[in-house]
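Written below as C-alpha cells is the structure these notes are about.
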Amino acid sequence: MFIEPKLPKGYQVAAAGWIEVICGSMFSGKTEELIRRLNRAYIARLKVKIFKPNVDTRYHPVNIVSHNENSIASTPVSHASDILELAGDCDVVGIDEAQFFDKEIVDVCNQLANEGKRVIVAGLDKDFKGNPFGYIPQLMCSAEYVTKVHAICMVCGDVASYSFRLSPADDQVMLGETSVYEARCRKCFNAGRQKKQTED
C-alpha cells in the first residue's frame, strides 16, 4: 500500500518534485490507484493535469477509465513530449498506460519532477510474454516511489503478476480486455505459454 509522503509545515509543492510509478499486470488496479491519488490531489486543491496515450480508446476516447468503471478527465496525447508542452504550471501530473509512450517519456517525467511537480505514472511492467514493457523499467529506476499492484489469477485464484494473452497474435501492443487477456500467477502463466508453444 502506498503511503503518501508527509510534507513539512509550510511546504510548497514547487519546492521539490518526485516520480511515483504504479505498475503491475492487467486487471491489477493500476488505473484505479492512479485515479485515487489524483482525486486526493484535487481534494487538496492542487493544480492537476492528466494525460494518456491517444491509442488507448478502449473505454473512452478522452477520460481515463478503470476496469471498475471509475473515471477521471484526461488529455490524450500522441507523443510524450506533448505532455511537457501541456503540463504548464500544474502541481501534479498524472500519466496512464505509460508503456505505450515513446522513449521520451523517461526524460519528460524527470524534467517535470525537476521542475517541482509530483508525477504519478501508471503502466504495465511486463508484456504478454513476461518481458519488460516499454520504458516502465527505466521509469521505475528514476522514481522515488514504486508501487507494484497485483491481480487475482483467473485460472487458480492465486496472486497474479502476469498478463496472459489468449489470442495467438504476436504483436507486443494489442489493446484488449478479458476476451483477449487473463491475469495469471507465474505457474499458470508458464503453463499457458508452454501449451501455446506445443500447439504452434
Query raised in the report: For region 74-97, what are the residues that are outside any helix (DSSP H, G or I) and touching a strand residue (DSSP E or B) at 6+ places or on another chain (Cβ under 6 Å)?
Result: Ser74, Thr75, Pro76, Val77, Cys90, Val92, Val93, Gly94, Ile95, Asp96, Glu97
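Restricting region 179-197 to residues that are in a strand (DSSP E or B) and closer than 11 Å to Val159 by Cβ, which is farthest from the chain's Cα centre (by Cα)?
Arg184
Against the definition (farther than 22 Å from Ile35 by Cα and touching a residue at least 40 places away in the same chain (Cβ under 8 Å)), how does Phe100 come out, yes or no? Quick ask: steps written out before the conclusion?
Working: farther than 22 Å from Ile35 by Cα: no; touching a residue at least 40 places away in the same chain (Cβ under 8 Å): yes.
Against the criterion (farther than 22 Å from Ile35 by Cα and touching a residue at least 40 places away in the same chain (Cβ under 8 Å)), Phe100 does not qualify.
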**Report entry** Residue check, Glu85 among the acidic types (Asp, Glu) and at pLDDT below 95
**Finding:** yes
**Report entry** region 116-172, residues that are in a loop (DSSP other than H, G, I, E, B) and either free of Cβ contacts under 8 Å to residues at least 12 places away in the same chain or charged (D, E, K, R) (or both)
**Finding:** Lys117, Asp125, Asp127, Lys129, Asn131, Glu144, Gly157, Asp158, Ala169, Asp170, Asp171
Report summary line: The correct count of residues that are crowded, with 23+ Cβ neighbours inside 10 Å and of a type in the set (A, V, I, L, M) in region 84-103 is 4
Report task. Tell me, yes or no, whether region 108-117 has at least one residue that is farther than 29 Å from Phe164 by Cβ, surrounded by fewer than 16 Cβ atoms within 10 Å (Cβ to Cβ) and at pLDDT below 75. Result -> no
Requested in this report: May I ask you to verify whether Gln172 is surrounded by fewer than 19 Cβ atoms within 10 Å (Cβ to Cβ) and at pLDDT below 95?
Outcome: yes
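The values are calculated or read from the model by the stated rules, or taken from the named source; none is laboratory data. Since the structure is predicted, the reported quantities are computational estimates derived from the model, not experimental observations. For neighbour counting, all protein chains shown are included, and Cβ atoms are generated from backbone atoms with ideal geometry for every residue, glycine included.
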